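Chemist: The structure's right below; bear with me while I get my questions together.
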Amino acid sequence: MTQLRRLLETNGFHRIPLKKLSSGHYKLAAKINKIAGDFILDTGASTSCIGFDSIDYFFLKNEKSDIKAAGAGAVNMKTELARKNHISMGGWQSKNMDFVLFDLSHVNEALAEVNEGPIHGIIGADFLKATRAVIDYGRNCVYVK
């Protein structure tokens, strides 16, 4: 076991494996409301989000939002919110995760162009900050507390 892993796990962090995609993104598995999904870990995304097409899949309770989203080549996208969801990855979990909901079809189209499967959403900086995340790019994992 590496020194970093030992240090973090001794201090209550949970290790979450990451898979590097051919697009250069890192994908992780998470359960939202106890349903398994695939997510991109994106340090440049300010908030975590899930695609509109996964609202029913994850049993999300969506509410209207006046916020417009931008990113990954798209701007002024309509959004909704899903508050207080259960999220788990590895041995870590929370019952109070909020997600912005919007159309992720442009992200999945870009992934398909490099022969990668679709994702349900993006785990962003809000999650990384709240969990005091440490990303180990050398070992393709993220630690959260």
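Computed from the coordinates by the stated procedures, all read-outs in this text should not be read as laboratory data. This structure is a prediction, so every number in the text was calculated from the model and none was measured. Cβ coordinates were reconstructed from backbone atoms using ideal geometry, including for glycine residues, and neighbour counts include every protein chain displayed.
Chemist: Of 114, 22, 133, whose Cα points farthest to the positive end of the dipole of the range 3-144 (charges on the beta-carbon: +1 Lys, Arg; -1 Asp, Glu; origin at the Cα centre)?
Modeler: Result: 133.
Chemist: Please list 3J(HN,Hα) in residue order for the range 96-108, calculated via the Karplus relation 6.51 cos²θ - 1.76 cosθ + 1.60 where θ = phi - 60°; whole Hz, with x for glycine and proline.
Modeler: Here the 3J(HN,Hα) series is 9, 9, 9, 10, 8, 10, 7, 6, 9, 4, 5, 5, 5 Hz.
Chemist: Can I ask one more? If we count every other residue with Cβ under 13 angstrom of residue 88's Cβ, Lys/Arg +1 and Asp/Glu -1, where does the sum land?
Modeler: Surrounding charge for residue 88 is +3.
Chemist: Students often forget the sequence filter, so: which lysines lie under 29 Å Cα-Cα from residue 145 once same-chain residues fewer than 8 apart are removed?
Modeler: 19, 20, 27, 31, 34, 61, 84, 95, 129
Chemist: In addition: Of 30, 45, 112, which is the most mobile in a GNM of the chain whose springs link Cα atoms less than 10 angstrom apart?
Modeler: Checking each option, the largest mean-square fluctuation is seen for 112.
Chemist: Determine Rg/Rh for the range 1-118; Rg is computed over alpha-carbon atoms and Rh is the Kirkwood hydrodynamic estimate from the same atoms.
Modeler: Computed over Cα atoms, the ratio is 0.99.
Chemist: Calculate, in nm to one decimal, what residue 109 and residue 46 gain on full extension: separation in residues at 0.36 nm each, minus their alpha carbon distance.
Modeler: Stretched out fully, the residue 109 to residue 46 stretch lengthens by 20.5 nm.
Chemist: Next up: If you add up the charges near residue 12, with Lys and Arg at +1 and Asp and Glu at -1, over every other residue whose beta carbon is less than 10 angstrom from its beta carbon, what do you get?
Modeler: Values: positive: 132, 145; negative: 9.
Value of the local net charge: +1.
Chemist: Could you compute the net charge surrounding residue 64? Neighbours are other residues with a C-beta less than 11 Å from the C-beta of residue 64; K and R count +1, D and E count -1.
Modeler: Here the count lands on -2.
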